[in-house]
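Reading through the structure tokens given below for one structure.
The values are calculated or read from the model by the stated rules, or taken from the named source; none is laboratory data. None of the values given here were measured: they were computed from a predicted structure. Here the Cβ is made from the backbone with ideal geometry for all residues, glycine too, and neighbour counts use every protein chain on show.
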Amino acid sequence: MTLNDLNRVIQAERTSPVSSYTEWDPLEEVIVGIVDGASFPTWHMSLPPVLPLNQHETFRQQAGRPFPPHLVEAARMELDEFVRILEGEGVTVRRPEPIPHNQTYSTLNWTSTGLYAAMPRDALLVVGNEIIECPMAWRSRYYESLAYRPLLKEYFRAGARWSAGPKPELTDQQFDLDWADPGEDGPTRLVVTEFEPTFDAADFTRLGRDIIAQRSNVTNDFGIEWLQRHLGDQFNIHVLEFNDPHPMHIDATLVPLAPGKLLIHPERVTEVPELFKRWDVLRAPAPVIPDSHPLYMTSKWLNMNILMLDEERVIVERQDEPMIKALRNFGFTPIPCNFRHFNSFGGSFHCATLDVRRRGSLQSYL
């Protein structure tokens, strides 16, 4: 990078309302998702590779219908508690606009209904002073970013960069029509093909100049290559593979907590990647969510889906005492928050947020 390039980066950091390079720099502003209008999506072959097996029939039967109102209301109350905690810790909180997720929409090739605007971490990726709309692989999430458009326009007008990945067609050529479940002990088989670039932001985790990525059932090599070229040589994307037969989103598998400190899934990450050999590693304690609690779109390991407010403070599910204890012993200050009903919708604190601004500069940590 030339001196002029460096000066431009520094000036952009000073003037843009958007600036975030890591998962742990002090959090100043964040978008928190909403569950308003959350609906079961139209059934599609992209769902079985990542849904819990016991939820397949539920999604088939409830396609296009609202999620149970009592769960939506309970999750909304937990989000309100989460917002109060964040604001109490000095963080500015923004929210998306409700849009009609159960409304049928179509392209030239297919029709679908939507899902929700609960997980901004999936739809949008912040790298430095830029917000990128992601070309997501689920048809039910095709227009999800519209819930964030008022905020995106506001940030752009205030000086942020705003871009979008190539809008995918999501025709049948995008999916492996012969996909079959490899089983827990089988080789990973992804349902997305390389027909066009697709990726969810949650398949990337940021460590300054280095970004860790995984290929998954929503993120392909084409999408990762598009993002690398788009970001340029300021950033290096490292693609890692894990022992996960049904990969989707990296933030319940490998979670950088602070410089030199890493949280890993003890079964999916059987060997610490070479990039992190000098880091202190915490193997996540087993989750304690009871079997009776409904989890529509995820495993119990979303107990790893925590949110760092800085290099010490971390938001953790209030009932997850083993994780609270493990993080405290690892040198952090856990801040508990009820979030179990929100967990039912497929994510936790990291998924439910998008870092808009963290106080920090572009550095190397590996």
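Return yes or no: is E97 surrounded by fewer than 20 Cβ atoms within 10 Å (Cβ to Cβ), acidic (D, E) and not in a helix (DSSP H, G or I)? Please lay out each step first, then the result.
Values: surrounded by fewer than 20 Cβ atoms within 10 Å (Cβ to Cβ): yes; acidic (D, E): yes; not in a helix (DSSP H, G or I): yes.
Taking the combined requirement at face value, the residue satisfies it.
V30 is checked against (1) in contact with a Ser or Thr (Cβ under 6 Å, 6 or more places away or on another chain); (2) not in a strand (DSSP E or B) and fails just one. What number does that condition carry?
(2)
Kindly establish whether V272 is surrounded by 16 or more Cβ atoms within 10 Å (Cβ to Cβ) and of a type outside the set (D, E).
On the way: surrounded by 16 or more Cβ atoms within 10 Å (Cβ to Cβ): no; of a type outside the set (D, E): yes.
Spelling it out, it is not the case that V272 is surrounded by 16 or more Cβ atoms within 10 Å (Cβ to Cβ) and of a type outside the set (D, E).
In the range 311-326, which residues are without any contact (Cβ under 8 Å) to a residue 60 or more places away in the chain and either under 19 Å from I250 (Cα atoms) or outside any helix (DSSP H, G or I) (or both)?
Residues of the range 311-326 that are without any contact (Cβ under 8 Å) to a residue 60 or more places away in the chain, as a first pass: 312, 314, 316-326.
Those that are without any contact (Cβ under 8 Å) to a residue 60 or more places away in the chain and either under 19 Å from I250 (Cα atoms) or outside any helix (DSSP H, G or I) (or both): E312, V314, V316, E317, R318, Q319, D320, M323.
Tell me, which strands (runs of 3 or more DSSP E) wholly within the range 106-165 include 1 or more residues that are surrounded by 22 or more Cβ atoms within 10 Å (Cβ to Cβ) and within 17 Å of the chain's Cα centre (by Cα)? Please lay out each step first, then the result.
Working: elements: 124-127, 130-133, 161-164.
In the range 106-165, 124-127, 130-133 are the strands (runs of 3 or more DSSP E) which contain 1 or more residues that are surrounded by 22 or more Cβ atoms within 10 Å (Cβ to Cβ) and within 17 Å of the chain's Cα centre (by Cα).
Based on this model, can you work out whether H70 counts as part of a helix (DSSP H, G or I), farther than 26 Å from N217 by Cβ and either in contact with a Pro (Cβ under 6 Å, 6 or more places away or on another chain) or at pLDDT 95 or above (or both)? Write out each step before concluding.
Numbers: part of a helix (DSSP H, G or I): yes; farther than 26 Å from N217 by Cβ: yes; either in contact with a Pro (Cβ under 6 Å, 6 or more places away or on another chain) or at pLDDT 95 or above (or both): yes.
In short, yes.
Condition (residue is closer than 22 Å to P168 by Cα and touching a Cys at 6+ places or on another chain (Cβ under 6 Å)) applied to the range 214-226: is it met by at least one residue? Step through it out loud before you land on a result.
At the first step, the residues of the range 214-226 found to be closer than 22 Å to P168 by Cα are 214-226.
From the residues that got through so far, the ones that are touching a Cys at 6+ places or on another chain (Cβ under 6 Å) too are none.
No, because not a single residue in the range 214-226 is closer than 22 Å to P168 by Cα and touching a Cys at 6+ places or on another chain (Cβ under 6 Å).
Tell me which residues, restricted to the range 20-49, are of a type in the set (A, V, I, L, M) and within 29 Å of R206 (Cα to Cα). Step through it out loud before you land on a result.
Step one: list which residues in the range 20-49 are of a type in the set (A, V, I, L, M), which gives 27, 30-32, 34-35, 38, 45, 47.
Passing the criteria: L27, V30, I31, V32, I34, V35, A38, L47.
Taking the condition part of a loop (DSSP other than H, G, I, E, B) and at pLDDT 95 or above, does L79 pass?
Numbers: part of a loop (DSSP other than H, G, I, E, B): no; at pLDDT 95 or above: yes.
Judged against the criteria, L79 is not a match.
Given (1) more than 22 Å from P96 (Cβ to Cβ); (2) in a loop (DSSP other than H, G, I, E, B); (3) touching a Lys or Arg at 6+ places or on another chain (Cβ under 7 Å), where does P334 come up short, assuming only one miss?
(2)
Hey, which of the strands (runs of 3 or more DSSP E) in the range 176-241, taking only ones fully inside, have at least 2 residues that are under 19 Å from the mean Cα position of the chain (by Cα) and either over 18 Å from V269 (Cβ atoms) or without any contact (Cβ under 8 Å) to a residue 40 or more places away in the chain (or both)? Write out each step before concluding.
Working: elements: 204-207, 210-213, 236-239.
It comes to 236-239.
Scan the range 298-321 for residues that are surrounded by fewer than 20 Cβ atoms within 10 Å (Cβ to Cβ) and modelled with pLDDT under 95 and jot them down.
S299
Filter the range 279-310 for residues that are in a loop (DSSP other than H, G, I, E, B) and either among the polar types (S, T, N, Q) or in contact with a Lys or Arg (Cβ under 6 Å, 6 or more places away or on another chain) (or both) and give the result. Walk me through it before giving the result.
Of the residues in the range 279-310, the ones in a loop (DSSP other than H, G, I, E, B) are 279, 284-299, 305-306, 309-310.
Once the filter is applied, which keeps residues that are in a loop (DSSP other than H, G, I, E, B) and either among the polar types (S, T, N, Q) or in contact with a Lys or Arg (Cβ under 6 Å, 6 or more places away or on another chain) (or both), the range 279-310 yields P287, I289, S292, T298, S299, N305.
Suppose the filter is outside any helix (DSSP H, G or I), modelled with pLDDT of 95 or more, closer than 27 Å to M297 by Cα and not charged (D, E, K, R); does G360 pass it? Step through it out loud before you land on a result.
Details: outside any helix (DSSP H, G or I): yes; modelled with pLDDT of 95 or more: yes; closer than 27 Å to M297 by Cα: no; not charged (D, E, K, R): yes.
In short, no.
Using beta carbons and a limit of 8 Å, which pairs, at least six apart or on different chains, have the first residue in the range 283-299 and in contact (Cβ under 8 Å) with a residue 12 or more places away in the chain and within 17 Å of L53 (Cβ to Cβ) and the second one surrounded by fewer than 15 Cβ atoms within 10 Å (Cβ to Cβ) and β-branched (V, I, T)?
Close Cβ pairs satisfying both conditions: Y296/T58.
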